[in-house]
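These notes are about the structure you will find just below.
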Amino acid sequence: MADEEREIQINPIVVDSVAHNARTVSNIRNLTASLFGIAAGTLGFESYIGFAFYFIGTLLVSALIYVLLAEGRPKSFFYRPLGDLWAGELVSGLSSFVLTWTLFYGLVRA
Amino acid sequence: MPILPLKIQSVLANTLFLPTNSVYSSYEHSLTHESTTSTPNPTIPLDIILETLISISILCVGIVLGQPDLRPIEWRVWACEAEKDERREKGKRAFEAGEGGGAVVGNPFRFLESGERRGFWDGRTKRKEFAAWVRDGSATDVKI
């Protein structure tokens, strides 16, 4: 902890930029989670396969962010790349995924 | 990444047709196969699966590209870019796009450089001015 504090004092971080990047990732997660829900419902996935589809899709979207937005340097855009980029907003996206998943499953199969 | 957001918007709008089509295809397929087979999960043809997956991936790329650029969180990198950004014209700056009020944008130490520091009394300049005034004043006094 002391090392971390010293590191922050030597290389200070900009809180506004951190918030902006988190908001961007959150936007992307919300939009793509609904899209994945549409796809999962259309393809008729059930139970674990649907959740696996969501996690694989989210992983691919994280890779897209890593390559296209972060330009391969996640350290300079995210304070904790593992938590903020790869696992950021994973659970809040899951709820909108389940919403559109069940909606489109019901629309297509009912 | 110099890609026009307008272009991305039009690509996204065109691509939205594909998932709509695939959802409707899947719906029609489930309707037509409902009467013949009683299985709860009829297999979906490959073309619907491919159309769904390809359209979703195109839309994902479009969504990611359509977002504003990430900002560097390290202060030294960010301050350098913010100061460069201030020299650009208004409307072309990267850091003001889509920004609400209250955010610190630009050089945070600008108030030190503009010469209008609040609550700061520049003693040295005042002393020089006073000395000059005394010299001039005494010179005029001698003349009189």
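So, in the range A:1-24, exactly how many residues are out of contact with any Leu (no Cβ under 7 Å at 6 or more places or on another chain) and facing chain B (nearest Cβ under 9 Å)?
Residues meeting the conditions: 10.
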Filtered residue count, the range A:1-31, keeping only those that are buried (at least 16 other Cβ atoms within 10 Å of the Cβ) and under 20 Å from B:Cys80 (Cα atoms): 6
All positions within the range B:54-85 that are assigned to a helix (DSSP H, G or I), facing chain A (nearest Cβ under 7 Å) and out of contact with any strand residue (DSSP E or B) (no Cβ under 7 Å at 6 or more places or on another chain): B:Ile56, B:Leu59, B:Cys60, B:Val61, B:Ile63, B:Val64, B:Leu65, B:Val77, B:Trp78
Single match in B:Ala97, B:Ala131 (criterion: open to solvent by less than 70 Å² (accessible area, probe 1.4 Å), modelled with pLDDT under 80 and outside the structural domain of B:Ser10 (by TED's automatic domain parsing)): B:Ala97
Near pairs, Cβ below 6 angstrom, 6+ apart or cross-chain, from the range B:9-27 (within 16 Å of B:Leu53 (Cα to Cα) and touching a residue at least 24 places away in the same chain (Cβ under 8 Å)) to any residue that is open to solvent by 70 Å² or more (accessible area, probe 1.4 Å) and not β-branched (Val, Ile, Thr): none
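The values are calculated or read from the model by the stated rules, or taken from the named source; none is laboratory data. Computed from a prediction, not measured in an experiment: that's the story for all the values here. Backbone-built Cβ (ideal geometry, glycine too); neighbour counts: all protein chains shown. Heavy atoms of the whole protein, side chains included, go into the accessibility calculation; ligands, DNA and RNA do not. Shrake-Rupley method; radii C 1.70, N 1.55, O 1.52, S 1.80 Å.
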